[in-house]
Structures are given as structure tokens and as C-alpha cells.
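These notes concern the structure reproduced below.
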């Protein structure tokens, strides 16, 4: 729920400046910003010490202003700012932008002040930009509450930027990249109105075609994700830098899943599910935004055709294309016609080296573009061409002609087209002029440029519905799973077989197994299961049995069972904790071992993961993560994203693994964690034994961490760390 | 051996232009290039059709020129160019630069012409730049044979560039990045003189402080590596883009080592050993060169201190610093003093948020810089600050003052210092002016900038001698290894135990084992080794025994040996190949399994690798590679670079592995492949079983591929693919 006043704040008919001034500083900057954007509403200057300012009469306080005010700009000290907000609220203002610092960022007293601010605003439905921000600029709606100086000219267009850092806002405003801004909103401390609220409002603004965001902290994540989904549906790309990837010092967790699918990974999964594009640096943000804002049309196939007159540029691009995951189809069908156009010795393919023939004869370049671009497998065309600003006229003219020819060819076949320069610097004006006239985005830097192309293609083609759920309702399964867990005393974490029982309600299979209280009963159990067997001693809240020496695998005979049981019982006794029984299991011979897990992220809700299991789990972090629940198709796709997938595909002469059963298990775990999100913090199967094709999977271990108990367990310390099963 | 004429080509006293002209084109460009660099020698214009050109008399042919010529510029068609080279050779010229195309790049006829060109040049000791290039510019020596137009001003300095692509040369020349060029050499087809030759010559040029190179193909790799080492010794960084990282379609190989340590990885290892810095894109090349060419001093500690007045920039940089592998020590000892300077609520640490206090009061910023920079663990200081060209004067002035203050602080403590901007674009002139005056490199783009810093620190501190060899001579070991291999008939690849015998000469331990020709003898062998045992059937040239069903592990009793032997013998017979015996081995319980291998790279010679073994080998490619031989210290460092190292360090409650023994095995394999480089193509131990600390390692399998036999084996097809041992 965005504050109801947000529309009035961003698109006010009347504005007051508290702290108005004619000296260098925020008060004067705010006045100038209104001029800069061409604000046509009424402006009231509030300054108790000066009767007149900037040729306008002033008012001693907000209360003295004779008519209702939509938006108030506040650049006075904290206490005065708080006063001004109270007055604005009482007068029914829509919102305020507070440059004032000394709030949440400034120690306990500031936090208190920020709370007071939020309470007043929320009570009156006021939107608040900041505090501790620079305010905002609305170029399309010609409004601004902005406290910092502006460059002479800001290119206007369809890109709305929401940034939590004022310094990043200044950087975007002055980048010289002619992004074409519709809005620049610096959200500061977000005491009331958050990036999610702005995004939610911007999606509905017809002047906004792309939203970019720089976030250090994501508040109201559910609203943010929902707004991203709406943007996706409206064909408005949302591109986000969210810092904190390197987040160190993650807390100790009960299961691997916590370490592997931490909040940053959950954030990734959520953005992906919602169709938002995540990037890592400001340069990537700018290049990706430049592309999606300016490119004509959208790719309808995954394939990208690269063209260049330079073998060197092609070699460079190939390396980067590989890491960007660009799909470069070989355009076999176009090869004979391309070969006929180019010198005999030319290497015809994709990327296409146009050679001097294409560089010196634009008609050749155009025809080559059409030949490649008309292939149905090609969704987008890219010209690899740098044209740095310092270039000699002769070369600049030649490169510009080449660009025009390729742009014409791309337009003729109706495929999206962009230029990628090898260099991050500015382009030659002659080259840029042709690009502008033809509506071609020119991306700077091989790395940033080709990654932007890859992101656009993926964004355009990942059109399937996010997180669909298939099949019947999970109500009955959830009921049975809850019943299974309710049978476990709250004081302890469910043991392996108890966790498996809860998962079985969702159709996750496990090994045949029996619980035996004594060694002799274990012998009987083993006999009925058939040798060899695995024997595990279950001890209350000892989840990592292998490390504690509580597991014996490959037990071959009755005598061996007796001997093993004796050892295990002794070790169980040494733990000093209640003994729960000996678990006797059939031994299975898996084709591969995976991990499947789920957890409830504090921001994004339930997530599910699958990846390589066993010893490699934490070593290689080879996992795919999605918001839960997932469909069968998504589950298969997740498995396909892991390197461990190779183990299931007839790895080195082994039989193929039962991929379908793996996907079913992932779907089951995703529904389990989704349905039980209020009761369960984490669930994990490690290893999930994958058998040969058609023979299914088997959960060889299981762990369910209850939501309420999660904290208690974490407090237990070292005992609660997790290890793979040997 | 560089062509003896190279010095005369690059620093000529007299120049002739074949194809001189006053029309737009190479002939005129060459004349202008000489003017541009300020050439003070004699210039002879060769043109049979014009008596006079550009105010100079002309000569109908080279032969007509009255005095010896050092360097000839040639921009006529192929056949005429070849003629001109012949004449130049006959006249004793030092070298020529050929723009002419139609040589090696242009089909069989061109290849032939290029051979003819090379023969003439080599016979006369002539250096040849090109053909199919743009020529070269020597700014420090004021000479040029260059056929393309130049920008009005090229910043001169200590950076020498050698590029194989003319288009990349043009990009560098015009990048507007003010790199400060000493040379730009476009080497084209390198018919005679290669990038390695130029590098070799440039290292000795006192005007050259940094060499950058763009290579698609590395010719004379040994000379290149040797020249890099000389550059390293002379404190001249060599920074290289070498394309081909993504190189697909590698040929089938006998051992994993080939796939894991292919020519690109060997190239990495060679560059690293030689102290060259490898980067991936032109932007990285430029930023890294800007840093190393301009930074004052060299880091003497690995730690880097980051400062910024913006929390947003810090958050962004932290993510990138993490992937760049920057070491950011927490500067604990400086914290109290820093805290005293900054607002109470400031997060004091590294990175240091200077807050508004540092931004508005330069003396605070300066003092903070000194406090951090004076810590011995800090080797370099970085200010994170963007200042885009379009910035308002107010902010630009403030940022420039901040820069000056931090630069002063860094100078006061004598630590290298650079600025990293969040944006790849140009900087505000006021900011740049301060940077220039203070001699501070300003790097553009968080990614490119922080990676450049990480590269400089690593380069400066990796001072230990490359590939040292320790201990006694390997002569006797090599002799014994050769004898072991000579005992194996040439028609087949050495079997596992035979490979192990050769490796044993270098001190690599293996399991206790016996060869048994029959099942009954296998029973005797097993009895003497003690149960359980592993039994393998050895069949000629079947190297992947597990896939062929020729291995039984965990054989527990004499009856089991009989049964296993019967099955194995039957399977051996099914292969239709000669049976070599049953190998009966003790069974060991490793803490971890690694792979150790070596191969002889065609370009860089012997390399050694170590990494995670077993099923993960090709799945996760978790390996470290070096040129062989390596020292014990290097071997330990290699192990430390792999993620598998965690398995040896008391992984999840397991005992610690014998790291020292692993390092000894890596050293042994590195010496083995190095000593036997002429006889052996590949060697591999997979798995190398690592036992608990103090208990050593054991080569559980071994493979040696002879150099002569490598091709034959590869031709055998699918049988020759490789798999991990189960």
C-alpha cells in the first residue's frame, strides 16, 4: 500500500519550499530545479526571516500559506523539519521531500526522530521522500523537489530512476550518457515511502518506459516484486543494482540451504521470477537501460547475429559472448549467399567478419545484415564497432556509413539492432548522429554491451508465467505433513525418519527403513530388509550423524549388525542426549547424489533449491534457486542449470539418472515449503539419491527445521552446524 | 632471435615511402605521420609516375634512391610490394612496414606470397611489420611508418602498445583516454617480426615503462614469455589481451589434464609465471595500463584501503572488491583515531565512509587518509568517487577538493593512490585537473577500476622467482623413469601399474599391489595384502577400467576374490584385446581424492595441475595450473587455490589431509613432465588418495601418454575418452 499522497507528491499542483533562500544551497537549488523542469504550478516560499526572496513574497511558516499545498520541500535542521512535517500533515499536504539529515542514519536519537516522522506521515496518508536524500525530479510531469544543483541540460525520455544513494543520483544525472530521464527519485532513508512504493507508482505512469533502481536495502520486498511483475506485464523493463552480493558473515544455519539460498540468492530468484533484470555496477545499469529504452522492437528468438569489419573485435567479442551466455546460431542457411558477397577467403559464419568488402561497400554490409537478420533463429543484430570521439574524419565517416548500412538492413528485416563499442568512452559525433537518426542504441564496452544484449534477449523471451502451480490442491498433503510433524515433541528437531514422513505426504520417496530400539531388533530389521543395510543411531537434536560417528554403511551380515549396533549405541550414549532408536535402512546404489532444499526467506518468502549433493554441496555451491512453488517444467529447468545435471545424463558410461523423478521431488519440496511457510523455516534432503532412469529417487536423509525452533537451534552453537553425509 | 634489422626499422635515420601520394590514402597518411611524430631523418618518396610530390622530388623506384635506407613503408599491391621488399633487401634496408593485404589472410596464393616475403626478409635479416597491418608509430623516438590518419593530438608517455588488429590500434589511438603512448605497433600477419620480437625490443627501450598487447595468436611463445620475464625484472608491467578464452571444440584428449589445462590455460599459467598481467577486454587493458603507468610508487603490502564520502559507492565497491579478490584489512588499530574525526554514528572501518564530515572538511579527509595509509598492512589507497563531466560546478569543486585532500594524505604516508569512478565516462575537467597535478590515476568504472587495482597489487607483490627448482638433480630419477617406460612395448600405452612405476622414480607413492595372471593367484595376492582389496583387470589400451566394468572394490574374502576374478576375466575377454593380468591392490580410505596431472603444451611447454578429483574433475574444473617444474612452496600455493583444499583442512569433522605429501606429489609430477617432456605428452594421477596428516598420499591410478603415441590414441576414438575412477 503506497501512501495515498504519493501521486500528489510526485505530480503536485502547488509546492512550498521550507528553508527557501537566495544563497547557494538546497533552498535556492530547489527553486532552480522547479525552473529547470518547467514547473507550472504555484510555489510558496517559506522563510520567517525574509519578507521577499527571488522576487516572490515569502511566508513565515507553512501555516501562513493561504491555500492547500500538494508537496513540501524541506531543507532545515531535523527538529524544524519535523515541525514542518507536522504542520504539512495538519494542513492536508500530499507529501514532503526532506533533505534534512540526522534521522535514522544518525544514532538512537535520530532513529527516534525518524519514527516520529513516520508516525505523523502514516497517520495523515502523507508520502515522504527521504529524509536524508536529495529529493526528486519529475521531468515528464514537470515537477521537482530537489536540493542539489543540476547540469545545464538533462536529456529527457522514458527512463525513471529510483536510487537510495544521493551520490548515485548525482552520478546518473551527470553521466553524460543521455539516458533520457523521466524521473530521478532519491529515496534516502525511506522512513515512509520506499523504492517499492515509487516503483509501484511509476509502472502506471504512461511517460515511463523503463525503471532503473539502485538499492542498498530492499524494503517492502513483496510490494517491490509485485510491482516488478506488473512492470513486466506492461513491457516496462525494471533494471536493478542491489548491493550486498558479497554479504559476509552470514549467520550459522541449520541446513546447507540457508548458506546456499541466503537472502541475496533469494533476492536473485525473486527478481528473476518477477521479470526484473539484476546488474552489478552502475555502468551495467546504464548500458542495459540505454539498450532497453532505445532499441526498436523486441527479440522474438534467442539467437543473436554479430557483425564486424574487424577480426580483432570479433575475437574479443567471442570471449565475452561466451561468458554472457549469448546464443550465436551458425546461420547455416545464409552461408552460401553471404559467401557470394564477401571475398573468397572470408570466414563466413556468426559472428560475421564483413572484411574490407563490407567496410568499404555499405551495400555489401547491408545485404549481409539482411541475410543474417532474415533467419528465423536470429532475434537480434549487433554491430561490433568502436568509433571513439578522437577518431579521424576519414575513419569516422566510413564507420558511420557502415552503421547506416547495417541499421538499414536491420530495419528492412524488422529485427532489433544495437551497436557495441569495444571502448567505454564517448563516440565520434558523426557516428552518434547516424545512430540517433536511425534510433540505434550505441552501447559502450564489450563487456557491458554484450551482457546488456544477453539480458534483453533473456528478458524478452522469458515470457512464461512466473511460479505457476500445477495439479491438485496441496491442502490434503499439507494436513498430513502437519500431522506428521505434530507427532514430534516441540522440544526437539524432527529426526531423519520423521522429516521424511512429513515429506512423504508430498510424495517424496525414501528408502525402506525400520526403527529398532536394540541391536537384536536391528538384526531382525536388517534380515527383513535384506543385506547390505545402513544403520544409524538417532539421538535427540544431533542432526549430523556422520560427523558424530553415528552411521555405518554397507553392513553385510547379522554379525556385522550386532557389532555395528554395539558401537553405535555406545557412541549415542557418549552424546549425553536422549537416544531415539536405531534406524535400519536398505542400501541403495545411486547414479548421483543431489541436494534439494527449501527455506522461507524473510523478505521473499519460500524458495526452493536443487544442486550437486554430497561433499560438493558447500565446496562448489552448484545450485539453482527459485521462488517456491515451482512447476515441473521449472524444476526440470532448475536441474538443467546445475553442473550436476551432467551426472544424470549418462555421465562417463553410467546409466542415465531419473531426471523426471528429481523434478517431481523438487516440485514436492517447493510445495512443502510453500504450504508450510508459517510453520517451517527450512527443509532439506541431502543426499537425494538419484537412481537409474525409471527407477526414481530416494531421500537418504531429511531435515525439517520448525519456524519457532529455528532460533533456539541456532543458539545451540557449534553442534548445530551442518555437514554432508559421508 | 629478433630480426637484426628491428632496431633500424623502429628507429630509422632514413625512410622511404613506396606508394607515396598526395591524395587521401596510406601514401599521404605515411607522410603526415612522419610530420606528426616529428621525424628528423631523411624521407625518400618513391613514385614512378610523379616527378615531384608534397614539395619533394620523387624516385621511380627504391633502387634509384641514392643512399642506404633504414626503413621502407610499402602501400602498393601485393606483387609490387613483394618486389619492393626484394629491392629493399638487396639494398640492405633494416626493415619494412607493409600495409599491403592479400598475403597470409587471403587464401593459398596469399600464403605462398607471404612465405616468399618471409624468406627474403629472413635471408637478409630484415624486420617486417605486417603485412596486412597499419604500420607503427614511435612517439618517443619520433619515427613512423603508419598508413592511417591520426587524431590531432596523441598524448605521449611511457606506454608501448603492440596489437595484431589494426582496428584495435585505431581504437587505442583515439580512445581519448590519454594513456600516454610511447609506441603503437600494429603487427598484422606477422610474416617475419612477431609481437614477441617487438616486446623483446621494447623492454630495452628506456622510454617504455609499460607494454600493452592485443593478441589473437601468440607466435614464438617462448620468446614472448622470456621477454615478459625480462620486463618483470625491469619493473615494466606487460598487460595482455589474448583472445581465444572461449575456444570451443577442443580435441578429444587422453586424460583430463588435456581438457583442464588446454592451451589457453597453459597460456594463463605462462603469463603468470612470467609476471605478465592478462585481461579480457580493451577497457580492462586501458584502465589497468592507466593505473600502472601513472601510479606513484608500488604497493608493498597486499591490503587496500577504500575511502568514499558515499555509502552507496561503498556498497557497490564492496561487491566488486569481493569478486576482484581485493584484500581490505579492517585497520583495527586506526579505528579509535578515525572515530574521533568522524560523526558519532559513522561506521568506522575499511572501506571508510568519510560521510559529509570528510566531504565538507578536506582536512578530515586528509587526516583519515593518513591514519589508514600509515598502517603497515595497507599497501595502497583508493578513493571511490565519481565526478562525471556534466557535474555542476559546486559539486565538481567539492569533489576536487576532496581528491586533493586524499591525494595529499596518500603522499604524506608515501602510499600508492588512485581514484576509482563508478562511471566509465569522462571526468569533470576540474576534478581531472587536480588529479593530473597530483599525479593520481583516475580509473573509470567500478569493475574495471577495482580489478585494475587488484592486478597491480598482485603484480607488485608476486615477486618470488618464477618456476624455481629445488633439491638435487632429477637426472637419476629421469633415467629410472625412462627405464620403466622402455620396458613397456611401444604398441601400447603403459598400464596403470607401469605408469605408477615410472612415477615412483620421482617419489610418488602408490598402494601396495600385486599382479596375478589368474583368479587363484589373485587369491594368494589378496591374502598376502590383507582384506579388503581392490581387483582390476588390465587389458591392453583400455585405460578407463571402471567404465569397461573391469574394477571391483571392497572385495572382502577369498571366495569373493574368486567370484570377482571370474567376472573380470570374462569382461576382459569381451574387449577382444590382449589381457595383461589382474591387479590386486590394498584398499585405502582417503580423506579426499585429488587429481594431479601434467602435460606438454605445444606453445608453453610442460605444465602441471592439481585439483579436486573423482567425479568432480570435469564437472567443476576446480584446478590450479602452473608451468612445470614447480617448487614445494608453489605446489602448496596451487593446492590452496583450489576449492578442494577445504577437504584437506579438517572438512566437516574429517581428519586433516596430508597437505605436505600432496605438495610433494605435485612437485614430483611437475619434474616428471618437465624432465621427460620430449618423451611424454601427458601424465595423470586420478585419483590421488590423500590420507590423514602424516600418513601421505597414494596414487590409486596412473596414466602416462607417450609423445609419439598420443596421436594414435586420439585416433582410436570413443574408447579413448576418459572418466573418473568410480
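How high is the FRET efficiency from residue B:217 to residue A:462, r the C-beta distance, R0 41 Å, rounded to 0.05?
The pair residue B:217/residue A:462 has a calculated efficiency of 0.60.
If you rotate chain A onto chain B, whose Cβ in A ends up lying nearest the axis, and how many Å away is it?
A:424, 2
Multiply the residue separation of residue B:178 and residue B:322 by 0.36 nm, subtract the distance between their alpha-carbon atoms, and state the gained length in nm to one decimal.
That pair, residue B:178 and residue B:322, stretches by 48.9 nm at full extension.
To the nearest 0.05, what FRET efficiency results for residue A:649 and residue B:156 with a Förster distance of 60 Å applied to their C-beta separation?
E between residue A:649 and residue B:156, to the nearest 0.05, is 0.55.
Counting only DSSP beta bridges with both residues in chain B, tell me the antiparallel percent, nearest 5.
In chain B, approximately 50 percent of DSSP beta bridges are antiparallel ones.
Using only the Cα atoms of chain A, build the gyration tensor, take square roots of its eigenvalues as a ≥ b ≥ c, and label the shape rounded, prolate or oblate: rounded if a/c is under 1.5, else prolate if a/b is larger than b/c, else oblate.
It is oblate, given that a/c is not under 1.5 and a/b is not larger than b/c.
Taking only the C-alpha atoms, wrap a convex hull around the stretch B:7-148 and report its volume per residue in Å³ as a whole number.
92
Using the Cα gyration tensor of the protein assembly as shown, with a ≥ b ≥ c the square roots of its eigenvalues, what is the shape: rounded (a/c below 1.5), prolate (a/b larger than b/c) or oblate (neither)?
Cα axes put the protein assembly as shown in the oblate bin.
Could you put B:632, B:36 in order, starting from the residue whose Cβ has the fewest other Cβ atoms within 10 Å?
Result, fewest neighbours first: B:632, B:36.
Please report, to two decimal places, log10 I(q)/I(0) for the stretch B:283-327 at q = 0.15, 0.17, 0.24, 0.29 Å⁻¹ as given by the Debye formula with identical point scatterers on the Cα atoms and no solvent.
The Cα Debye sum returns log10 ratios of -0.51, -0.66, -1.12, -1.10.
Distances from residue B:660 to the same residue in each other copy, label points 7 Å out along Cα→Cβ, in nm, shortest first?
Result for residue B:660, in nm, nearest copy first: 5.6.
State, to one decimal in nm and shortest first, how far the label point of residue B:649 sits from each corresponding label point in the other identical copies (label point: 7 angstrom along Cα-to-Cβ).
3.3
Count, for each residue of A:306-318, the Cβ atoms from other chains sitting within 10 Å of its Cβ, then give me the mean as a whole number.
Per-residue shielding by partner chains comes out at 6.
Averaged across B:547-554, how many Cβ atoms of other chains sit within 10 Å of each residue's Cβ atom?
1
Report, in degrees rounded to the nearest 10, the 0 to 90 angle that the Cα long axis of helix B:26-37 makes with the longest principal axis of chain B.
For helix B:26-37, the angle is close to 80 degrees.
Taking neighbour counts of Cβ atoms within 10 Å as a proxy for exposure, in what order, fewest first, do A:622, B:701 appear?
Sorted ascending by nearby Cβ count, the order is A:622, B:701.
Quick check on the exposure proxy: order B:397, B:58 from fewest to most C-beta atoms within 10 angstrom.
Ranking B:397, B:58 by Cβ neighbours within 10 Å, fewest first, gives B:397, B:58.
With an 8 Å Cα cut-off and a minimum separation of 6 or more residues, compute the relative contact order for the stretch A:1-66 in percent.
Across the stretch A:1-66, relative contact order equals 30 percent.
What nm value, rounded to one decimal, do you get for the distance between residue B:528 and residue A:531 when each label is placed 7 Å out toward the C-beta?
Each label point lies 7 Å from its Cα, and together they span 3.0 nm.
Just to confirm the numbers: residue B:55, label point 7 angstrom along the Cα-Cβ line, distances to the other copies in nm, shortest first?
5.8
Specify the angular offset, from 0 to 90 degrees and rounded to the nearest 10, of the alpha carbon long axis of helix B:221-233 from the longest principal axis of the alpha carbons in chain B.
70
Could you give the distance between the Cα centres of the stretch A:551-581 and the stretch B:145-191, to the whole Å?
Between the Cα centre of the stretch A:551-581 and that of the stretch B:145-191, the gap is 74 Å.
Compute the long axis of helix A:429-438 from its Cα atoms, compare it with the longest principal axis of the Cα atoms of chain A, and write down the angle in degrees, 0 to 90, nearest 10.
Helix A:429-438 sits roughly 70 degrees off the main axis of chain A.
Assuming R0 = 60 Å, what is the FRET efficiency of residue B:340 and residue A:693, from their Cβ-Cβ distance, to the nearest 0.05?
0.30
Would the stretch B:114-239 count as rounded, prolate or oblate if I go by the C-alpha gyration tensor, calling it rounded below 1.5 in a/c and otherwise prolate when a/b exceeds b/c, oblate otherwise?
Verdict is oblate for the stretch B:114-239.
Rounded to the nearest 500, what is chain B's calculated 222 nm mean residue ellipticity when only DSSP H runs of at least 4 contribute -39500 (n - 2.57) each, over all residues?
Calculated at 222 nm, the ellipticity per residue is -12000 deg cm²/dmol.
Every read-out reported here was derived from the displayed coordinates using simple, explicitly stated rules and does not represent laboratory data. As the structure is a computational prediction, the values presented were derived from the model and not from experiment. We place every Cβ from the backbone using ideal geometry, glycine too, and count neighbours over all the protein chains shown.
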